[in-house]
Amino acid sequence: MRTVDRIREVAPPRMTEREQEMARVAQRCIMEALDHSRAAAITLTTDNGEHPSIDVPPAALKLIGQLLGAMSEGRSVLLTSANREFTTVEAAHFLNVSRPFVIKEIEEGRLPHRMVGTHRRIAFDDLVAYASRMREKQAAALERMADNARELGLDY
């Protein structure tokens, strides 16, 4: 089974407006608590009415807050191991480009990889860094186009 299929398989159903609001409120509470203290604890309510309190590292609580924020906005979230490696096909799906484009970027040295036998593997961290550089270049190109349009008096 391809990674993309596994991701679709575990994707949660769409959240209702009420659930999105619950996530928004929970995120706000978590982030406010983090702003005012260095230690963090969460109190849980169980089905049998107990309210155990557990200590949570602030970094983990911040991650939970970010997750809730994404959920409240209806965005998809992918949680994966940082040391995971992608095949060229999986990398192409992740970047929303073609596999030949990924291979060209690898061969031109713009996308780091390692060989496993005759197969290329791309580290997740390298893929994220590449995607970030790609977005920065796209934003810069759009800005240059807008500047050129302004210089030519083509304001929209």
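The values are calculated or read from the model by the stated rules, or taken from the named source; none is laboratory data. Computed from a predicted model, the values in this text were never measured in an experiment. Methodologically, a virtual Cβ is constructed for each residue, glycine included, from the backbone with ideal geometry; neighbour enumeration extends over all protein chains shown. Surface accessibility is based on the protein's heavy atoms, side chains included, excluding ligands, DNA and RNA. Shrake-Rupley method; radii C 1.70, N 1.55, O 1.52, S 1.80 Å.
Under a GNM of the chain (C-alpha, springs under 10 Å), which listed residue has the highest mean-square fluctuation: Ser53, Ser81, Ser72?
Looking only at Ser53, Ser81, Ser72, the biggest GNM fluctuation is shown by Ser53.
What does the C-alpha gyration tensor say about the overall shape of segment 17-92? Classify as rounded when a/c is under 1.5, otherwise prolate if a/b is larger than b/c, or oblate.
Prolate, since a/c reaches 1.5 and a/b exceeds b/c.
If eta is 1.002 mPa s and T is 20 °C, what Stokes-Einstein diffusion coefficient results for segment 48-89, Kirkwood Rh from Cα pairs, in µm²/s?
D = 159 µm²/s.
Under unit Cβ charges (Lys, Arg +1; Asp, Glu -1), what dipole magnitude, rounded to 20 debye, does the chain have relative to its Cα centre?
Approximately 540 debye in magnitude.
Just from its helices, what would the mean residue ellipticity at 222 nm be for the chain, if runs of 4 or more DSSP H residues each count -39500 (n - 2.57) and the sum is divided by every residue, rounded to the nearest 500 deg cm²/dmol?
-18500 deg cm²/dmol, from helical runs alone.
Taking the chain as a Gaussian network, where each spring joins two C-alpha atoms under 10 Å apart, which residue of Leu78, Leu127, Leu67 fluctuates the most?
Highest fluctuation among the options: Leu78.
Which of Phe124, Phe86, Phe101 ends up with the largest GNM mean-square fluctuation for the chain, with Cα atoms connected below 10 Å?
Top of the fluctuation ranking is Phe101.
Please work out the FRET efficiency for the pair Val77 and Ala149, using the Cβ-Cβ distance as r and a Förster radius of 35 Å; give the result to the nearest 0.05.
Taking R0 as 35 Å, the efficiency between Val77 and Ala149 is 0.45.
Over 12 Å, how big is the tail of the calculated P(r) for segment 113-156, in percent of all Cα pairs?
Every Cα pair in segment 113-156 considered, those over 12 Å come to 71 percent.
What shape does segment 10-156 have by the C-alpha gyration tensor, where a ≥ b ≥ c are the square roots of the eigenvalues, rounded means a/c under 1.5, and otherwise prolate means a/b greater than b/c and oblate the rest?
It comes out oblate by the Cα gyration axes.
Let me cross-check Asp155: its accessible surface, 1.4 Å probe, with only protein heavy atoms counted, in Å² to the nearest 10?
Accessible surface of Asp155 is approximately 110 Å².
In nm², what is the average projected area of the convex hull enclosing the Cα atoms of segment 54-136?
Reported value for the Cα convex hull: 7.4 nm².
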